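Trainee: Submitted below is the structure of interest, expressed as structure tokens.
The values are calculated or read from the model by the stated rules, or taken from the named source; none is laboratory data. Please read all numbers here as calculations on a predicted model, not as lab measurements. Positions of Cβ are backbone-derived with ideal geometry, glycine not excepted, and every protein chain shown enters the neighbour counts.
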Amino acid sequence: MLINTSPNDPVFFVNHCNVDRIWALWQDLRFNFGYPSDGTIKDRNGQRINHYNINDKIYPWQNEPDSKTVDDMLDYRKLCYRYER
């Protein structure tokens, strides 16, 4: 899965679909994403880490007109996805 054509491989697609399914299972078991109450991620020195905070636009698409925040994408249910058990 290292070459540029790997997304054309059905195994690549199935693998990523399964990663999404596992993420959904984890959310169903533990809905707290572990973000601090203010949504800010800081390094050991207390400095804010860009691109990973709950209200940050997703990097590297942060300058796109319809770019989403981390919060917009965390909960698969808000994206209208459902996985069968």
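Trainee: Scan the stretch 1-48 for residues that are under 22 Å from residue 81 (Cα atoms), in a helix (DSSP H, G or I) and polar (S, T, N, Q) and jot them down.
Mentor: Selection gives 15, 18, 27.
Trainee: Something else: Return the residues of the stretch 1-27 that are surrounded by 12 or more Cβ atoms within 10 Å (Cβ to Cβ), without any contact (Cβ under 8 Å) to a residue 40 or more places away in the chain and not aromatic (Phe, Trp, Tyr); say none if nothing qualifies.
Mentor: Hits for the stretch 1-27 are 6, 9, 15, 16.
Trainee: Still on this structure, I have one more. Could you please find all residues in the stretch 53-85 being hydrophobic (A, V, I, L, M, F, W, C), within 21 Å of residue 41 (Cα to Cα) and part of a loop (DSSP other than H, G, I, E, B)?
Mentor: The answer is 54, 58, 61.
Trainee: Can you tell me which residue among 63, 53 is of a type in the set (S, T, N, Q) and within 24 Å of residue 21 (Cα to Cα)?
Mentor: After ruling out the rest, the residue left standing is 53.
Trainee: Could you list, in sequence order, all residues of the stretch 31-49 that are loosely packed, with under 12 Cβ neighbours inside 10 Å and under 15 Å from the mean Cα position of the chain (by Cα)?
Mentor: Across the stretch 31-49, the qualifying residues are 31, 32, 34.
Trainee: Determine whether residue 66 is out of contact with any Asp or Glu (no Cβ under 7 Å at 6 or more places or on another chain), surrounded by 11 or more Cβ atoms within 10 Å (Cβ to Cβ) and not aliphatic (A, V, I, L, M).
Mentor: On the way: out of contact with any Asp or Glu (no Cβ under 7 Å at 6 or more places or on another chain): yes; surrounded by 11 or more Cβ atoms within 10 Å (Cβ to Cβ): no; not aliphatic (A, V, I, L, M): yes.
Considered against the rule, which asks whether it is out of contact with any Asp or Glu (no Cβ under 7 Å at 6 or more places or on another chain), surrounded by 11 or more Cβ atoms within 10 Å (Cβ to Cβ) and not aliphatic (A, V, I, L, M), residue 66 comes out as no.
Trainee: Something else now. If you check 49, 22, 54, which single one turns out to be touching a Phe, Trp or Tyr at 6+ places or on another chain (Cβ under 6 Å), aliphatic (A, V, I, L, M) and at pLDDT 90 or above?
Mentor: Result of the check over 49, 22, 54: 54.
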